[in-house]
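Reviewing the structure listed below.
Each reported figure results from applying straightforward, stated rules to the coordinates on display, with no laboratory input. What you see is a predicted model; the values in this text were computed from it and never measured. Backbone-built Cβ (ideal geometry, glycine too); neighbour counts: all protein chains shown.
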Amino acid sequence: MGKKSDTVNSGSQSLELTKKSQNPLIRTAIVTGAIILGYIVLNFATGGRLLSANNILSVLRGSVVTTFVVWGFCFILTMGMMDLSLGAIMILASNVGGILAIHLGMGYFGLIFGAIAVATLLQILNMRMMLLAKIPPWIYGLGIAMVYEAIGTIYNVFQIKAGKQSIALGNICRELGDTPWNLIVLAIGLILAFIIFNRTSIGFSLRAVGSNSIVAKMMGINISKTIIQAGIVTGIFVGLAAAINESYGGRVVPQSGLNSIASIFIPLAAYLLASAFEKVYNIIIGAVISAVIITSVFNVLTLLGVPSGTWQQVVMGCGVLVCGVLSQRRFEGVVK
């Protein structure tokens with residue numbers, strides 16, 4: 001009788017511990033504590049340089065563009081649509097924004113709204129063509145990325161033949177890419193992304209489509225309209241990323257040979273990590289945290305003297321794989 005009572009008590013204690021571990025607040029506290037502990041350990045490893053004031057600002061500054069691209073991913077990858085042309089779109093949008101800002105004298109208005117307009121229009125085109133072609137989105141993305149790269153390259157070659165260079169901002173419109181303005185725009189973007197994703201019919205519809213498109217259609221959701229709307233929102237965030245990136249770097253050189261895809265590897269890793277954190281943080285908030293973590297990893301590698309052209313690329317590739325594995329742990333059976 002006593003043994004049976006001990007077994008029951010042991011089982012009830014185990015159940016209680018399981019319930020506590022499933023408590024959202026406890027889970028959030030554990031994960032947040034682990035992240036903070038990781039930063040403390042890495043700070044010791046870098047001789048206190050990681051958490052210095054200047055380095056923290058550098059990491060935050062380097063995370064802004066990545067975060068905006070991750071938010072763009074949130075709206076299309078939630079539906080299972082992988083667009084590999086986002087990097088090429090961002091580069092093209094950066095250059096068009098620069099042309100409007102410098103050559104047409106439109107300043108920040110041309111830089112920001114020009115980049116947003118180009119990215120949004122190209123995303124609408126992408127979504128419509130994916131629906132029309134009915135081929136896997138990643139295949140379409142690969143093909144159209146080469147087209148967008150070619151447009152930028154042709155313009156760049158034309159400029160060189162004319163004795164000019166690709167768009168360079170010089171000292172004009174450079175504040176947007178620096179603190180505190182980039183962080184202010186980041187805060188505004190966080191509010192907008194959170195509201196659109198969590199509090200609007202667009203966010204509800206795209207999550208429903210991503211969960212089960214057949215059930216979503218039975219619920220009266222217009223699948224095609226939802227995909228287009230998601231593309232528009234993605235275009236806005238990618239356009240903002242392009243404008244900030246152009247302002248920060250002063251110029252964005254056109255790419256060719258699908259090299260533009262490399263520019264979305266870090267945002268992709270951050271998105272996958274945010275997906276892995278989804279049970280702990282809302283994915284929009286997790287996007288910011290994940291972007292900072294990924295940027296911090298490369299910052300630590302730089303502080304430790306790891307070569308940027310070789311071993312850091314190895315770390316980036318492994319990071320994408322690890323984040324992908326972590327993000328898929330919430331799915332059973334076939335990988336999403």
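Between the range 98-177 and the range 71-97, what is the C-alpha centre distance in whole Å?
First find each Cα centre; the distance between them is then 11 Å.
Over all directions, how big on average is the projection of the convex hull of the alpha-carbon atoms in the range 67-157, in square nanometres?
6.1 nm²
What distance in nm separates the simple spin-label points at residue 282 and residue 304, each placed 7 Å from Cα in the Cβ direction?
Simple spin-label model gives 3.5 nm for this pair.
I'd like the Karplus ³J(HN,Hα) series for the range 250-256: coefficients 6.51, -1.76, 1.60, θ = phi - 60°, whole numbers in Hz, and an x wherever there's a Gly or Pro.
x, 7, 10, 7, x, 10, 8
With a point put 7 Å past each Cα toward its Cβ, work out how far residue 199 is from residue 138 in nm, to one decimal.
Using points 7 Å along Cα→Cβ, the separation is 3.5 nm.
Please rank 298, 68, fewest neighbouring Cβ atoms within 10 Å first, as an exposure proxy.
Fewest to most other Cβ atoms nearby, the residues stand as 298, 68.
Can you check how the C-alpha radius of gyration of the range 152-275 compares to 2.2 N^0.38 Å, as a plain ratio?
For the range 152-275, the normalised Cα radius of gyration comes out at 1.36.
Can you give the Rg/Rh ratio of the range 57-295, where Rg is from the C-alpha atoms and Rh is the Kirkwood radius?
The Rg/Rh ratio comes out at 0.97.
Could you please rank 140, 155, placing first whichever residue has the fewest other Cβ atoms within 10 Å of its Cβ?
Fewest-to-most ranking of 140, 155: 155, 140.
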